[in-house]
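Here the structure comes first, spelled out in structure tokens, and everything after it is commentary.
The values are calculated or read from the model by the stated rules, or taken from the named source; none is laboratory data. Keep in mind the model is a prediction, meaning the values are calculated, not measured. So basically every Cβ, Gly included, is an ideal-geometry build from the backbone, and we count neighbours across all protein chains shown. Areas reflect the complete protein model, heavy atoms only, side chains present, ligands, DNA and RNA absent. Shrake-Rupley method; radii C 1.70, N 1.55, O 1.52, S 1.80 Å.
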Amino acid sequence: MLPSPSHWLIHTIRLSCAIQFAQCPLKFMGNKKNIYIKFPIEISTETVMQDWNKDYMFGYQFLNGCNPVMIRKCEDLPENFPVTDEMVEDFLKTDVTLQEELEAGNIFIADYKILDGVKSSPERYLAAPICLLYKNRLDQIVPIAIQLSQNPGEKSPIFLPSDNDYDWMLAKMWVKSADFIVHQLVTHLLKTHLISEVFEMAMYRQLSELHPVYKLLKPHVRFTIAINAMARKTLVNEGGVFNKISSIDVTGMNKVMQSAMETLTYESLCFPEAIKARGIENVPMYYYRDDGMKIWETIHCFVSAVVKIYYESDEAVQKDVEIQEFVKDISFGMNNYNKFPKSLKTRAHLAEYLTVVIFTSSAQHAAVNFGQFDWYAWIPNSPSFMRKPPPKQKGKVDLEYIMESLPDRGCSSEVLATAWALSRFQKNELYLGMYPDMFFTEQPVREAIKTFRKKLDEVTNIIKSRNEGLTMEYCYLSPDKIPNSVAI
């Protein structure tokens with residue numbers, strides 16, 4: 001029998017067929033009427049409902065929403081994104097050019113080229129947009145130009161904040177719809193669930209139960225294989241939940257994830273390296289980065305202490321056959337083995353490697369999973385698919401076109417139920433630093449665990465204090481809300 005979380009997931013997803021709806025008004029800019037969309041339960045983040053169509057909220061989600069890994073600093077505009085000074089001069093600071101702001105590090109980009117060429121399901125549409133963002137005078141990240149395809153030209157205009165309200169609104173919806181797909185398949189499924197499964201399988205195959213690294217990692221793979229098996233059976237299978245709520249079928253899902261695997265590297269799983277590679281070390285109000293760095297450093301400090309207890313030298317690491325086979329197994333399991341280590345030479349490298357395993361299975365999954373209801377429950381904020389094609393001209397979109405583009409009621413209920421289910425914690429959840437099944441008997445390791453818990457408590461208090469001064473709290477990487485493993 002599968003562990004209880006899997007049965008619980010199935011049960012909650014099925015609730016979508018029996019939800020009782022309560023009305024909630026959807027107000028569009030420039031429209032005097034209230035258009036009602038149905039919701040099953042109260043949305044936890046009221047600010048999203050109120051400000052979903054504001055540019056600051058759109059940009060904020062690239063930093064602290066469900067998919068906070070797409071944004072990167074833009075140093076040179078892509079050749080297929082011909083934004084000019086004239087297009088964006090009204091949205092930049094006075095007397096500065098686009099090139100000057102590029103050089104100053106104030107221009108950012110989110111590019112969904114991974115979706116280019118992916119075939120959409122019948123009567124549903126998919127785009128591969130490019131979005132240019134800007135750090136304004138208020139230190140907000142806001143969109144200043146959106147192109148809805150990878151092929152510029154007359155039939156692929158660049159939408160701007162100065163366009164009419166409906167054109168700009170719909171352009172942003174298309175970006176968020178693409179973001180939904182990439183988040184679910186790449187950021188969430190591939191880079192936390194499936195990668196964690198590779199870690200777990202290698203652990204079982206190559207490490208004995210008495211090995212200290214087995215004992216260290218065991219709490220961080222709890223339920224992962226079981227929940228992934230259930231996901232393959234009900235969520236990402238042909239005719240499954242994701243097939244129903246998104247714009248692509250299983251063939252499209254596989255193509256997107258295979259493309260993502262081509263760029264997946266070991267370094268991209270090292271949180272500090274990933275932040276540096278995207279050039280967003282100094283972006284203001286990037287709480288995912290700030291809290292993630294604290295968690296990474298805390299885990300790394302703990303793991304380093306454990307490694308030093310069991311390995312007296314770098315040579316001891318090199319001679320540990322089980323560890324070397326464990327690392328080799330993972331590299332082959334990634335299907336991208338040339339970009340992952342096949343051996344470890346030093347204690348420092350082993351500590352970093354194990355930090356990657358634990359961080360990915362705990363903190364990274366928490367960051368990209370538990371905000372799903374907050375950000376996806378308000379359907380216009382992140383449409384899971386679009387029912388009309390992206391506009392090829394400006395000035396042709398009206399409110400009726402937008403409403404007909406959004407997912408229908410049946411799909412929306414599926415999205416709500418799924419997002420709600422995936423955002424819930426278990427009643428018996430084990431959070432980061434909680435090890436009720438004490439696998440270690442050695443006193444030095446027990447002391448290291450106590451120190452780990454103390455540092456996690458300190459990080460929790462720092463985040464709690466910071467959040468008291470924020471309009472929108474960022475809690476997804478608070479240690480007391482980070483489960484030990486991918487279990488939902």
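Coupling constants for segment 416-430 follow from the phi torsions by the Karplus curve (6.51 cos²θ - 1.76 cosθ + 1.60, θ = phi - 60°), and in residue order they are 4, 5, 5, 4, 5, 4, 6, 9, 8, 8, 6, 5, 9, 4, 10 Hz; glycine and proline get x.
Toward the positive end of the charge dipole of the chain, with +1 on the Cβ of Lys and Arg and -1 on the Cβ of Asp and Glu, the farthest Cα among Ile144, Phe91, Asn428 is that of Asn428.
On the basis of the beta-carbon distance and an R0 of 56 Å, Leu399 and Glu297 show a calculated FRET efficiency of 0.70.
Phi angles of segment 472-488 translate, via the Karplus equation with coefficients 6.51, -1.76, 1.60 and θ = phi - 60°, into HN-Hα couplings of 10, 5, 10, 10, 5, 10, 6, x, 6, 10, 10, x, 4, 9, 7, 10, 8 Hz per residue; Gly and Pro are given as x.
Applying the Karplus relation 6.51 cos²θ - 1.76 cosθ + 1.60 with θ = phi - 60° to segment 442-454 yields 3J(HN,Hα) values of 5, 4, x, 6, 4, 5, 5, 5, 4, 5, 4, 5, 4 Hz, where x marks Gly and Pro. Note on Glu281 and Arg387: with the Förster distance fixed at 41 Å, the Cβ-Cβ geometry gives a FRET efficiency of about 0.55.
For the pair segment 103-134 and segment 280-303, the centres of their Cα atoms are 26 angstrom apart.
Relative to the longest principal axis of the Cα atoms of the chain, helix 224-234 runs at roughly 40 degrees. Under the classification rounded if a/c is under 1.5, otherwise prolate if a/b is larger than b/c and oblate if not, where does segment 241-342 fall, given a ≥ b ≥ c as square roots of the Cα gyration tensor eigenvalues? Oblate, since a/c reaches 1.5 and b/c is not below a/b.
Largest first and in whole Å, the equivalent-ellipsoid semi-axes of the chain read 39, 25, 21, each the square root of five times a Cα gyration tensor eigenvalue. In plain terms, the chain from Glu315 to Ser121 could stretch by 64.4 nm, reckoned as 0.36 nm per residue minus the Cα-Cα distance.
The aspartates and glutamates whose alpha-carbon is closer than 15 Å to the alpha-carbon of Lys155, local same-chain residues fewer than 8 away aside, are Asp167.
The residues packed around Met472, meaning those with a beta-carbon under 11 Å from its beta-carbon, carry a net charge of -4 if Lys and Arg are +1 and Asp and Glu are -1. Element breakdown for segment 225-319 at a 1.4 angstrom probe: carbon and sulfur atoms account for 52% of the accessible area. The per residue volume of the convex hull around the alpha-carbon atoms of segment 355-488 is 155 Å³.
A straight chain from Thr346 to Thr94 at 0.36 nm per residue would run longer than the Cα-Cα distance by 85.5 nm. Rounded to the nearest 20, the Cβ-based charge dipole of the chain about its Cα centre (Lys and Arg +1, Asp and Glu -1) stands at 1380 debye. FRET efficiency for the Met438 to Lys308 pair, using the beta carbon distance and R₀ = 22 Å, is estimated at 0.65. Helical content of the chain, expressed as a calculated mean residue ellipticity at 222 nm, amounts to -14000 deg cm²/dmol (DSSP H runs of 4 or more residues, -39,500 (n - 2.57) each, divided by residue number, nearest 500).
A 25 angstrom limit on the alpha carbon distance is what I want to check against. Which of Lys294/Lys481; Lys427/Lys464; Lys215/Lys328; Lys328/Lys481; Lys73/Lys345; Lys454/Lys481 exceed it? Distance filter (> 25 Å) returns Lys328/Lys481; Lys73/Lys345.
Using a probe of 1.4 angstrom and keeping all protein chains present, the accessible surface of the chain works out to 43 square angstrom per residue.
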